[in-house]
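Data block below; observations after.
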Amino acid sequence: MEISLPEHFEEFADARRRGFLAVKELKESGQKICGTFCQYTPTEILRAAGLYEVGLCGKSAAPIKTAETRLPANLCPLIKASYGHALEDSCPYAYFSDIVVGETTCDGKKKMYELLGELKPMQVIHLPNLPDYDRSMEMWVTELREFAKGLEEKMGVEITEEKLNEAIEWSNKERRQAARIYELGRYDPPAITGSRMRDVMEGEQYIFNRKEKYEKLDAILNQCEADWHAGNAPFAPDPNRPRIIISGAGLGGVAGKTVEVLEELGGAVVCYEGCSGIVSRRRLIDEDRSRDPIVRIAEKYIEVPCAVVSPNNHRMEQVAATIEEWKADGVVSITLHSCNPFAIETENIRRVCEKCGVPLLHIETDFGTGDEGQIRTRLEAYLEMIRAKKEARNG
Ligand code: SF4
Ligand code: SF4
């Protein structure tokens, strides 16, 4: 496929806005929409139920005041924005959702879902908070079976093994492709900017024609690789450029003042760590059709690298491995105000970084603009420190 990279990137960057119309058309054509909030949502079960999934996670400050009429102000902005949108009916995706799926991740989210359930038909999946096969798998498999049964009843559909298998195989194909996006960051200089990676990963969830999306993304990836080999990487060669991994959750509403500024200041975001980062994309679902598909789905989702599970030793091993594989010089942990799981777990990530010999910067923020100047100053100092270290090392 002959492509123009900027034009295709724009399509993904702008997908959320363009998708408003697409979701309306889907509804008008009789399709059913399922709003989701979290990487724990077993997409394969939704797809096997014939649903189109769309991310509802709040990313803007606009509905927060409305949410605060019912929710405490000192709650994470993502939870408030998600609920505020539903309360105001200001998000077309929430508005058009036939059903909304939530998971009992952090306390704030799970209690908010009780209120959200008054506004939208909901199904909540209860998570084990121990990422341990022996002690949690039985409960988790039972929960996913209940979830599938509930969807069948609510949506009047039948979820067959064949449909689950097809959904698993297609979702795996998408995961392999998504991993390739992050793997472009392993090049030196990286073959894609971290901001573009984000645009694609954020935007892809609002493009509903899966086959077309897959083909367009494939063309983008091939083009990025070809451009790099032709000497047209998005970054000029610079052995001292800080290569940074972004860690954390809920980046959607804060990437502009963090990820984009970091790259504007001369750093390169080479990979993302966390529930929508590289490890989740590489972790495929077993495609052995002789095994129970629900068990195979459960095996994947119990390994989502999220701070809500405890202890999270596996995630720490993955952070270290990612630093090594991407040859990162630093990790920036971005967490949202009042997000205890990720803020506390940042201390564990700091210890991993120390062992790997790279500095960690922790930015705690929200969807407002008041801290933009302060974040920029901190990023500037952080990047300068890394650059000086690299210059001293590289001579
Ligand atoms: S960080 Fe955890 S709770 Fe948030 S979307 Fe990811 S998996 Fe879900
Ligand atoms: S960012 Fe933290 S507090 Fe907010 S929903 Fe996610 S896990 Fe919960």
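All of the numbers you see were taken from the coordinates with simple rules; none came from a lab. The structure presented is a predicted model; accordingly, all values stated were derived computationally and were not measured. Reconstructed Cβ throughout: ideal geometry from the backbone, glycine too, with neighbour counts over all protein chains shown.
A few remarks follow.
- Modelled this way, with points 7 Å down the Cα-to-C-beta line, the labels at GLU153 and GLU372 are 4.9 nm from one another.
- Fully extended contour minus Cα-Cα distance, from GLN31 to ASN129, at 0.36 nm per residue: 31.9 nm
- Helix 210-229 and the longest principal axis of the Cα set of the chain meet at an angle near 10°.
- Candidate lysines for bridging to LYS389, where Cα separation is under 29 Å - those fewer than 8 sequence places away on the same chain excluded: LYS257, LYS327, LYS355
- Sorted on the mean count of surrounding Cβ atoms within 10 Å across their residues, most packed first, peptides 125-137, 79-91, 268-280 read 268-280, 79-91, 125-137.
- Each helix, a run of at least 4 DSSP H residues, gives -39500 (n - 2.57); summed and divided by the residues of the chain, these come to -16500 deg cm²/dmol at 222 nm.
- Straight-line reach from LYS111: taking Cα to Cα under 24 Å and skipping same-chain neighbours fewer than 8 places apart, the lysines in range are LYS59, LYS65, LYS80, LYS120, LYS149, LYS154.
- Extending 7 Å from the Cα toward the beta-carbon at both THR142 and PHE20 defines two label points whose distance is 4.5 nm.
- Charged side chains reduced to their Cβ positions (Lys and Arg at +1, Asp and Glu at -1) give the stretch 5-76 a dipole of some 360 debye around its Cα centre.
- Residue separation of ASN313 and GLU10 scaled by 0.36 nm, minus their Cα-Cα distance, works out to 105.3 nm of gained length.
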